[in-house]
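Written below as structure tokens is the structure these notes are about.
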Amino acid sequence: MKQEQVQVFQRSLADPQQPLCAVLDGAAVPNLPARLTAAAVPHVCLLPGEIDTELAQVAPYLVQFAPDSALAAQFISEGLGKHWGILIVSAAHFRSLRIHFRNLLTVWEFSGQPRYFRYYDPRVLRVYLPTCTAAELSDFFGPATAFYAEGDTPTALQRLFVSDGALIQQTLQLA
């Protein structure tokens, strides 16, 4: 994807009232913790408590991008098709987002057993959200206005948002 296309997409998302964030998957993004530190962007691991270095490498991270973030450009230009994570548009404070997205990591089976939910894998998000009721969508979206997840092709991005209790999906072609 051309750099100009990435920049146009980034500018289209730039809204000072609703910053662009992401939940990135350390298991999919090579050397994610070091990239986040080098990019000097606000970020936090979504796993609770102290975790060891090995687990930190594969953990999910909540990241907040600046409008012209080089890391956001990398996500779009390099990460699409590689399941790096999902983009989030929200006016909520970073701390509120952290709490919300950390709470989504665990789901409970009917038997009462907890299970890890990899909602930040775009392949999972695109399959899961269309199955949700209006109440489930409201709970899942929480403070998020919209999600962006890679589509079926590396040049497609799905915009997912809720309107009148229904999930709306739009495909954006980036190339």
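The values are calculated or read from the model by the stated rules, or taken from the named source; none is laboratory data. Just so it is clear, the model here is predicted, and its values are computed rather than measured. Quick reminder, even Gly has a Cβ in these numbers, built from the backbone with ideal geometry, and neighbours come from all protein chains shown.
VAL162 falls short on exactly one of the conditions (1) outside any strand (DSSP E or B); (2) modelled with pLDDT of 95 or more, and that condition is (1).
Just so you know, in segment 83-136 the residues that are among the β-branched types (Val, Ile, Thr) and touching a helix residue (DSSP H, G or I) at 6+ places or on another chain (Cβ under 9 Å) include one that is farthest from ASP152 (Cα to Cα), and it is VAL89.
State whether the residues of segment 150-168 include one that is hydroxyl-bearing (Ser, Thr, Tyr), in contact with a Pro (Cβ under 9 Å, 6 or more places away or on another chain) and surrounded by 14 or more Cβ atoms within 10 Å (Cβ to Cβ). No, segment 150-168 contains no residue that is hydroxyl-bearing (Ser, Thr, Tyr), in contact with a Pro (Cβ under 9 Å, 6 or more places away or on another chain) and surrounded by 14 or more Cβ atoms within 10 Å (Cβ to Cβ).
Residue by residue, here is whether (1) without any contact (Cβ under 8 Å) to a residue 24 or more places away in the chain; (2) farther than 19 Å from GLN170 by Cα; (3) out of contact with any Lys or Arg (no Cβ under 6 Å at 6 or more places or on another chain) holds:
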residue	(1), (2), (3)
PHE101	no, yes, yes
TYR116	yes, yes, yes
ARG123	no, no, yes
TYR128	yes, no, yes
CYS132	no, no, yes
SER138	no, no, yes
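Just so you know, in segment 28-42 the residues that are in a helix (DSSP H, G or I) and of a type outside the set (Ser, Thr, Tyr) include one that is surrounded by the most Cβ atoms within 10 Å (Cβ to Cβ), and it is LEU32. ARG102 meets each of the listed conditions (1) in a strand (DSSP E or B); (2) at pLDDT 95 or above apart from (1). Within segment 51-82, the residues that satisfy the criterion of being part of a loop (DSSP other than H, G, I, E, B), at pLDDT below 95 and closer than 18 Å to ALA27 by Cα are ILE51, ASP52, LEU80, GLY81, LYS82.
How about segment 127-151: which of its residues are among the charged types (D, E, K, R) and at pLDDT 95 or above? Selection gives GLU136, ASP139. THR145 - would you say it is surrounded by 12 or more Cβ atoms within 10 Å (Cβ to Cβ), farther than 23 Å from ALA27 by Cα and either touching a residue at least 60 places away in the same chain (Cβ under 8 Å) or in contact with a helix residue (DSSP H, G or I) (Cβ under 7 Å, 6 or more places away or on another chain) (or both)? Answer is yes for this residue.
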